[in-house]
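Laboratory data are not the source of any read-out in this text; all were calculated from the coordinates shown. Owing to the predicted nature of the structure, the values given are computational and were not obtained by experimental measurement. Cβ: placed from backbone, ideal geometry, glycine included. Neighbour counts: every protein chain shown.
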Amino acid sequence: MNHIDANLASVLASIKYRLEQRRCKLIVRLAGATFYTFKRNGFISYSNGKPNDLSVADERESTIPLRVFRPDEDEPFTQYLKKDFFGHRGATALTKTEVDRLINHFSEIYQNVFMHANTTEPVFACGQFFPSKGELKFTLVDLGDGFLKKVHEKTGGQISSEASAIQWALLGNTTRDVAKFGPGGGVLKSIREYCKQHNGSILIVSGADYCNAGAGPIESGKLACPFSGSIVNLVLRNL
């Protein structure tokens with residue numbers, strides 16, 4: 001590859017993880033500057049069998065490191081959000097209120113993976129800052145059931161496509177069992193509202209469908225091949 005945004009290292013890492021479970025290999029050839037970027041964000045270490053290698057450093061401070069989190073690592077994930085994501089130089093324009101709110105939102109997304117996506121597989125996270133554009137990108141990946149299965153059950157079969165399930169969630173609906181887990185949900189709607197107000201965007205992939213929500217209407221489309229899980233990609237702009 002001559003270029004791929006460094007935040008998408010989380011997607012490549014999840015694909016590598018899944019393929020290795022099936023006794024296959026993912027071989028990625030990265031050229032030029034892209035190789036060094038993926039070395040600085042920890043993907044090369046991950047590929048060499050050393051996930052979460054804390055010895056990896058990014059002297060340019062342009063990447064949010066690739067990290068892999070198990071279901072029982074709520075606190076390490078929260079600390080990662082505080083230190084590596086919202087403690088990044090690309091997020092200094094955000095107010096404390098905005099940071100606290102977004103940390104709570106992403107912590108809930110992490111918890112929801114293991115509550116609703118029927119998986120014990122890890123979550124993969126990574127990001128990149130583009131100083132010349134004033135953009136900070138962050139990508140969270142899980143290998144669960146995706147959006148449709150639970151939403152289809154919750155709506156009694158009324159929602160029957162991945163894109164519709166994603167849109168259903170972006171509009172503030174939730175499959176959360178309030179009696180069991182307490183009040184909550186609607187986190188994706190909250191992130192979408194933040195993006196609408198601050199020229200950001202949130203793109204979600206589930207199965208073969210994706211939806212992109214920014215300042216305008218929600219846009220949806222199809223992938224050439226389905227993804228085995230879901231991807232949440234946040235873009236913060238004007239930073």
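Taking amide H as placed 1.01 Å from N in the peptide plane, ILE64 has its amide H under 5 Å from the amide H of GLY127, GLN128, PHE129, each at least 5 places away in sequence or on another chain. For the chain, the longest principal axis of the Cα atoms and the long axis of helix 96-116 meet at an angle of about 70 degrees. Of the cross-linked pairs LYS96/LYS154; LYS150/LYS189; LYS196/LYS222, which ones have a Cα-Cα span greater than 29 Å in the structure shown? Beyond 29 Å between Cα atoms: LYS96/LYS154. Dipole check for the chain: with +1 at the C-beta of Lys and Arg, -1 at the C-beta of Asp and Glu, and the Cα centre as origin, the magnitude is about 400 Debye. Annotation for region 44-122 versus region 188-239: alpha-carbon center distance of 18 Å. Proximity of backbone amide H atoms, modeled 1.01 Å from N, is registered between ASN52 and VAL68 at under 5 Å, excluding neighbours fewer than 5 places apart on the same chain.
Other residues within the sphere of radius under 10 Å centred on the Cβ of GLY146, judged by their own Cβ, net out at -2 (K and R +1, D and E -1).
Add -39500 (n - 2.57) for each DSSP H run of 4 or more in the chain, then divide by its residues: what number comes out at 222 nm, to the nearest 500 deg cm²/dmol? Please report the intermediate quantities before stating the final value.
Working: 9 runs with 86 residues, N = 239.
It lands at -10500 deg cm²/dmol.
Rounded to whole numbers, the Karplus 3J(HN,Hα) couplings from phi for region 127-138 are x, 8, 9, 10, x, 5, 9, x, 10, 10, 10, 9 Hz, using 6.51 cos²θ - 1.76 cosθ + 1.60 with θ = phi - 60°, and x at Gly and Pro. Karplus-derived 3J(HN,Hα) values for region 11-19, using 6.51 cos²θ - 1.76 cosθ + 1.60 with θ = phi - 60°, are 5, 4, 5, 5, 5, 4, 4, 5, 5 Hz; glycine and proline are entered as x.
The GluC sites (Glu not before Pro) of region 61-138 that DSSP puts in a loop, and whose beta carbon has at most 16 other beta carbons within 10 Å, are GLU61, GLU73. 3J(HN,Hα) along region 78-87: 4, 5, 4, 4, 5, 7, 8, 8, 7, x Hz, from the Karplus curve 6.51 cos²θ - 1.76 cosθ + 1.60 with θ = phi - 60°, whole Hz, x for Gly and Pro.
Most mobile of VAL123, VAL187, VAL28 per a Gaussian network model of the chain (Cα springs, under 10 Å)? Largest GNM mean-square fluctuation: VAL28.
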